[in-house]
Amino acid sequence: MSQEYFLRELCKEDAVVINSWRADRELISKLGAGFRYIDVSVDARWLDSYMERRNNNVRLAVCCKVSKAVVGVVYLIAIDWLNRNCELAIMVGEKQHRGKGAGTYAIREALEHAFSDLNLHRVYLTVLQNNSPAISLYKKFGFIEEGLFRESVYKEGEYKNVISMACLRTDFHREQCK
């Protein structure tokens, strides 16, 4: 399944599709960010800003090989070159590609890039505690739960817990050898 996708750097034209995902309440409910209405021009400016300053971030589009359409994004952000770590963020925006291998492919490729190309030592992330499918997927790549941020995100009228997870290079390689 995962061979149906490829990664490429985000480009200006991706702002429209990313903006449409931000307006998808069902999708945003699974992510740590709160829902808010954002005009596409705001996302376009954000993307322009990223393109000008890419030295501490890698922002990639997850694309379908057949249609070439962007179906999600995966980011390595806040890269700390001294301590050799960064944050991973992922979103499969196109509903028909969720649960079809796009996320698995994107995480595997992003971690491979982080550890093998960028020589990072640790990749961390945060995930809503009630997002069991995502937590299970992260664990398959060697992520380990490191902490709990109690009631740290306000979504859908209530406070929700967020879990902190991290994967070391050795954790990732050990899981890939299984």
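Each reported figure results from applying straightforward, stated rules to the coordinates on display, with no laboratory input. Keep in mind it's a predicted model, so treat the numbers as computed, not measured. Note that we place each Cβ from the backbone using ideal geometry, even for glycine, and neighbour counts take in every protein chain shown.
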Where does the charge balance sit around SER49 when Lys and Arg score +1, Asp and Glu -1, over other residues with C-beta under 13 Å from its C-beta?
+2
Could you identify which residue out of PHE149, PHE141, PHE115 has the top mean-square fluctuation in a GNM of the chain using Cα springs shorter than 10 Å?
PHE149
Cα gyration tensor of segment 22-69, axes a ≥ b ≥ c as square roots of the eigenvalues: rounded (a/c below 1.5), prolate (a/b > b/c) or oblate?
oblate
What order do you get for PHE143, PHE6 when you list them from fewest to most C-beta neighbours inside 10 Å?
PHE6, PHE143
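For an R0 of 30 angstrom, estimate the FRET efficiency from the Cβ-Cβ distance between ILE77 and ALA23 and round to the nearest 0.05.
Numbers: r = 22 Å, r/R0 = 0.73.
Using R0 = 30 Å, I get an efficiency of 0.85.
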Exposure-ranked with fewest Cβ neighbours within 10 Å first, CYS167, CYS64 stand as CYS64, CYS167
Cβ-based exposure ranking for ILE135, ILE107, ILE90, in which fewest neighbours within 10 Å come first
ILE135, ILE90, ILE107
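Based on the alpha-carbon gyration tensor of the chain, what equivalent-ellipsoid semi-axes (square roots of 5 times the eigenvalues) come out, in whole Å, largest first? If you can, show how the numbers build up before the last one.
Working: eigenvalues 105, 85, 60 Å².
After diagonalising the Cα gyration tensor, the semi-axes are 23, 21, 17 Å.
Across all directions of projection, what mean area in square nanometres is found for the Cα convex hull of segment 17-119? Mind showing how you got there, number by number?
On the way: hull surface 28.8 nm².
That works out to 7.2 nm².
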In segment 17-53, the trypsin sites (Lys or Arg not before Pro) that sit in a DSSP loop and have at most 11 other Cβ atoms within 10 Å of their own Cβ are ARG36, ARG53
Expected unfolding gain across VAL42-ASN119 under the 0.36 nm per residue rule, minus the alpha-carbon gap, is 24.4 nm
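Taking K and R as +1 and D and E as -1, what net charge do the other residues with C-beta under 9 Å from the C-beta of LEU27 add up to? It would help to have the intermediate numbers written out before the result.
Values: positive: ARG22, ARG25, LYS30, LYS95, ARG98; negative: ASP24, GLU26.
Around LEU27, the charge tally is +3.
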Between ARG84 and ALA33, what length comes free when the chain is fully extended (0.36 nm per residue of separation minus the Cα-Cα distance, one decimal in nm)?
15.8 nm
At 0.36 nm per residue, minus the direct Cα-Cα distance, what do GLU9 and LEU148 gain on full extension? Give it in nm, one decimal, please.
46.9 nm
